[in-house]
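K.L.:
Below is a structure I'd like to ask you about.
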Amino acid sequence: MIFWIIAGVLSAVLLGSGVVVVRRRSRRARAMLAAPPRAAMPDLLVPQITERPVLAQIDDASLSRRVSSSRGVFDRVRSLTQSGELSENELDIVEEVLLRSDVGVATTALVLETLAANGAPQGVAAAVKIALREQMVDADRTLRSEASDERVAVWLFVGVNGVGKTTTIGKLAAREVAGGKKVILAAGDTFRAAAAEQLTLWAQSSGADIVRAGEGADPGSVVHDAIGRAVARGYDLVMADTAGRRHTSSNLLDELSKIRRVADREPGQILETLLVLDATTGQNAVIQAREFLAAADVSGIVLTKLDGTARGGIVIAIEREFEIPVKLIGTGESLNDLIVFDPDAFVDALLDA
């Protein structure tokens, strides 16, 4: 009797355990079935990749095509067929076009005064072309690269962020390397996180060497180290980037003055200080130039983005006001789109039929 009681109890326990097991398995199965599908892994884990600069050559395009937007502003002047004395209406058209082209008020006034006094014997466009050319400087527009004995040539590049400084340096480095020079880049813009990375990519693409430091490092020390390496390894040219904005711990213009002192001390020798300006900013470019000239002792100007919405009269306004030559203009992204500025060819591109 006792045996059968014990057997019954054990059977009940086992049956109860079986039910529990089944229930747990059922709940686990339901839980697995209810789980949502796993999201696919993204193809790109890095939020932003710095695009590698391209140095591909392109077919030469005429300057008129390169500055087509600027040329378009002068359409109304080219359409005037009057010769000789000009009417008030024709002078008003010329005035409006010149002001829209960013030539500036002072230069526009001088051109109108000339036209009113001398007329347009060979047509309005020809007269305006001559008057504009007279406002531009006659200066050597080549870039000097031959330093004194035992010294290394240095080119400084200054300008606010976003104007195309780094791209200009990269294109010039590629050009100088292709011409047989040994070039080293100094990543002196240590306040902008991506500046050294961009310049490193340009160095790799152009075949130049580079000296860089961590973010926030002293820019003067970077330039000093680049000059030291240039002397030790027999480089011909140091091309130094500089900061383009004010930093919380130092004044930008004071920093540029310090870099100049470091770069021009033996064994370095500054041969060019190039102010890079964005032509699409119009008269703001004149304001920027005025600020940088106080500290940088600029020897030449590079005007970038003339292929976009820029109005080419800004070239004339800058040369007239500061009497510093525009040495290079940028008209696109390729290597061939950074060209030596020719004032005669430029006014021809704006005003020739």
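The values are calculated or read from the model by the stated rules, or taken from the named source; none is laboratory data. In this text the structure is predicted, and so the values were computed from the model without any measurement. FYI the Cβ positions are ideal-geometry reconstructions off the backbone, even for glycines, and counts take in every protein chain you see.
K.L.:
For residues that are within 12 Å of residue 343 (Cα to Cα), of a type in the set (Asp, Glu) and in contact (Cβ under 8 Å) with a residue 60 or more places away in the chain, tally how many sit in the range 128-176.
P.N.:
Qualifying residue count for the region: 1.
K.L.:
Here's a follow-up. Of all helices (runs of 4 or more DSSP H) completely enclosed by the range 204-311, which ones contain at least 2 residues that are at pLDDT below 90 and in contact with a strand residue (DSSP E or B) (Cβ under 9 Å, 6 or more places away or on another chain)?
P.N.:
252-263, 283-296
K.L.:
May I ask you to verify whether residue 257 is out of contact with any helix residue (DSSP H, G or I) (no Cβ under 7 Å at 6 or more places or on another chain) and of a type in the set (Ser, Thr, Tyr)?
P.N.:
Taking the combined requirement at face value, the residue does not satisfy it.
K.L.:
Restricting attention to the range 80-108, report how many residues are at negative phi and either out of contact with any helix residue (DSSP H, G or I) (no Cβ under 9 Å at 6 or more places or on another chain) or not in a helix (DSSP H, G or I) (or both).
P.N.:
Residues in the range 80-108 being at negative phi and either out of contact with any helix residue (DSSP H, G or I) (no Cβ under 9 Å at 6 or more places or on another chain) or not in a helix (DSSP H, G or I) (or both): 12 in total.
K.L.:
Output the qualifying pairs, or none if there are none: Cβ atoms under 7 angstrom, residues six or more apart or on different chains, first residue in the range 85-112 and under 14 Å from residue 319 (Cα atoms), second residue polar (S, T, N, Q) and not in a helix (DSSP H, G or I).
P.N.:
Going by the 7 Å Cβ cut-off, the qualifying pairs are 107/135.
K.L.:
Regarding the range 338-348, can at least one residue be identified that is in contact (Cβ under 8 Å) with a residue 12 or more places away in the chain and either under 21 Å from residue 160 (Cβ atoms) or touching an Asp or Glu at 6+ places or on another chain (Cβ under 6 Å) (or both)?
P.N.:
Yes, because at least one residue in the range 338-348 is in contact (Cβ under 8 Å) with a residue 12 or more places away in the chain and either under 21 Å from residue 160 (Cβ atoms) or touching an Asp or Glu at 6+ places or on another chain (Cβ under 6 Å) (or both).
K.L.:
crowded, with 19+ Cβ neighbours inside 10 Å, outside any helix (DSSP H, G or I) and not polar (S, T, N, Q), is that true of residue 154?
P.N.:
yes
K.L.:
List every residue pair whose Cβ atoms lie under 9 Å apart, where the two residues are 6 or more positions apart in sequence or sit on different chains, the first residue falls within the range 226-239 and is touching a residue at least 40 places away in the same chain (Cβ under 8 Å) and assigned by TED's automatic domain parsing to the domain that holds residue 264, and the second residue, located anywhere, is assigned to a helix (DSSP H, G or I) and surrounded by fewer than 24 Cβ atoms within 10 Å (Cβ to Cβ).
P.N.:
227/262; 235/229; 236/176; 237/176; 238/229; 239/176
K.L.:
Do we find that residue 313 is buried (at least 24 other Cβ atoms within 10 Å of the Cβ), among the small types (Gly, Ala, Ser) and within 13 Å of residue 70 (Cα to Cα) in this structure?
P.N.:
yes
K.L.:
Suppose we keep only residues that are touching a Gly at 6+ places or on another chain (Cβ under 9 Å) and modelled with pLDDT under 90 within the range 174-194. Which one would you say is farthest from residue 261 (Cα to Cα)?
P.N.:
Looking at residues that are touching a Gly at 6+ places or on another chain (Cβ under 9 Å) and modelled with pLDDT under 90, I get 192.
K.L.:
Here is a further query. So residue 197 clears everything in (1) surrounded by 19 or more Cβ atoms within 10 Å (Cβ to Cβ); (2) modelled with pLDDT of 90 or more except one condition, right? Which one?
P.N.:
Of everything listed in (1) surrounded by 19 or more Cβ atoms within 10 Å (Cβ to Cβ); (2) modelled with pLDDT of 90 or more, residue 197 misses just condition (1).
K.L.:
Here's something else I'd like to know. Looking only at the range 113-128, filter to residues that are surrounded by 13 or more Cβ atoms within 10 Å (Cβ to Cβ) and polar (S, T, N, Q); which one of those is nearest to residue 93 (Cα to Cα)?
P.N.:
114
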